[in-house]
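First up is the structure itself, then whatever we jot down about it.
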Amino acid sequence: MPRYVRKLSESNTYHIVLKGINAQDIFLDAQDCLNFLEILKKASAAYSASIYAYCLMCNHVHLLVRFSENNMAQMFKSFGASFVFRYNMKYNRVGGLFNGRYYSKAVEDDSYLLTVLKYIHYNPVKAGLCKNPADWEWSSYREYLSNTAQFADTNFIKQMITKKQFLELHQRAPQDVFDCLTIDQSVWKVSDQELKNILNELWESYSTDALAIQLKHAKIPAYRISKLLGIPRDAVYRIP
């Protein structure tokens, strides 16, 4: 099967996801996380890229990266070769570590840039691993609250918003559910059970029609919306 052509970003900014092969864990201890970030920092410097945000989960990684030119593939090839070589030496293993090609989605405007920033920092909260983004050690959230940043390039975002606005941005809001769902659906298929769990939290706040609109905007297929909400599929198709 031929590889799909990646959509290029006019701003050269991308939301990138690296997944462990066969959904296996990538990070087995704190040193693995440090190695990942140190090698990523060297690669981004070598290719003049800016890591605006990162979050290291057990079996996947979220990154928000801006490139100075169209060299994303070269940078990640260099980074991957270095990190996987070091990883395989440490654990006496052979073969690949990541699940095929990394996911990337173009980030074209400031509004979506901040949406992705929040999404990345909220990943461990959404996964039930902590209650607040500040509680997760392996993300760039704390770096934005610090006077010095070790791995993330925080200057661009800090020129856009103040520290107070950064904290306000990361407060929970009802729209977060749909923003996360929209991004999740583009990264990996959201299961019916996950959708049911989301809907169970929202029934009291949203009407069926409002939920249908939000789910369609999140690019959930019409047949799934019809099944989940118990409404005719034709009604879903008519939603603008």
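The values are calculated or read from the model by the stated rules, or taken from the named source; none is laboratory data. Fair warning: this is a prediction, and the values are worked out from it, not measured in the lab. Please note: Cβ atoms are built from the backbone with ideal geometry, for glycine as well, and neighbour counts cover all protein chains shown.
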Picking from TYR144, TYR206, the residue that is buried (at least 16 other Cβ atoms within 10 Å of the Cβ), among the hydroxyl-bearing types (Ser, Thr, Tyr) and in contact with a Phe, Trp or Tyr (Cβ under 9 Å, 6 or more places away or on another chain) would be TYR144
Selected residue (only one of ASP209, ASP192, ASP153, ASP176 is free of Cβ contacts under 8 Å to residues at least 12 places away in the same chain and acidic (Asp, Glu))
ASP209
Can you find even one residue in segment 159-172 that is acidic (Asp, Glu) and either under 17 Å from HIS15 (Cα atoms) or assigned to a loop (DSSP other than H, G, I, E, B) (or both)?
no
State which residue pairs qualify: first residue more than 15 Å from TYR91 (Cα to Cα) and touching a residue at least 24 places away in the same chain (Cβ under 8 Å) and inside segment 26-50, second residue buried (at least 17 other Cβ atoms within 10 Å of the Cβ) and among the β-branched types (Val, Ile, Thr) in any location, beta carbons under 8 Å apart, and separation of 6 or more residues or different chains.
LEU40/ILE51; LYS41/ILE51; SER44/ILE51; SER44/VAL65; ALA49/VAL65; SER50/VAL65
Looking at segment 100-119, I want the residues that are more than 12 Å from VAL65 (Cβ to Cβ) and have a partner that is basic (Lys, Arg) and not in a helix (DSSP H, G or I) with Cβ atoms under 9 Å, at least 6 apart or on another chain. Which pairs are those?
GLY100/LYS19; ARG101/ARG3; ARG101/ARG6; TYR103/LYS19
Taking the residues in segment 83-103 that are in a helix (DSSP H, G or I) and among the charged types (D, E, K, R) as candidates, determine which candidate is farthest from ILE16 (Cα to Cα).
LYS90
Looking for something part of a helix (DSSP H, G or I), free of Cβ contacts under 8 Å to residues at least 40 places away in the same chain and in contact with a Gly (Cβ under 9 Å, 6 or more places away or on another chain) - is there at least one such residue anywhere in segment 132-146?
no
On the basis of being in a helix (DSSP H, G or I) and at pLDDT below 80, does GLU194 make the cut?
no
Output yes when any residue across segment 39-57 is farther than 24 Å from GLN150 by Cβ and touching a strand residue (DSSP E or B) at 6+ places or on another chain (Cβ under 7 Å), and no when none is.
no
Would you confirm whether any residue within segment 147-168 is modelled with pLDDT of 95 or more, within 19 Å of the chain's Cα centre (by Cα) and either among the hydroxyl-bearing types (Ser, Thr, Tyr) or within 21 Å of LEU28 (Cα to Cα) (or both)?
yes
Given the conditions (1) at pLDDT 95 or above; (2) more than 20 Å from PHE156 (Cβ to Cβ), every one holds for ARG3 apart from (1)
Flagged in segment 147-158 as surrounded by 12 or more Cβ atoms within 10 Å (Cβ to Cβ) and part of a helix (DSSP H, G or I), in numbering order, are PHE156, ILE157, LYS158
Among (1) acidic (Asp, Glu); (2) modelled with pLDDT under 90; (3) part of a helix (DSSP H, G or I); (4) exposed (fewer than 15 other Cβ atoms within 10 Å of the Cβ), where does ASP179 come up short?
(4)
From the option list THR208, THR182, single residue qualifying as within 19 Å of the chain's Cα centre (by Cα), not assigned by TED's automatic domain parsing to the domain that holds GLU137 and not hydrophobic (A, V, I, L, M, F, W, C) is THR182
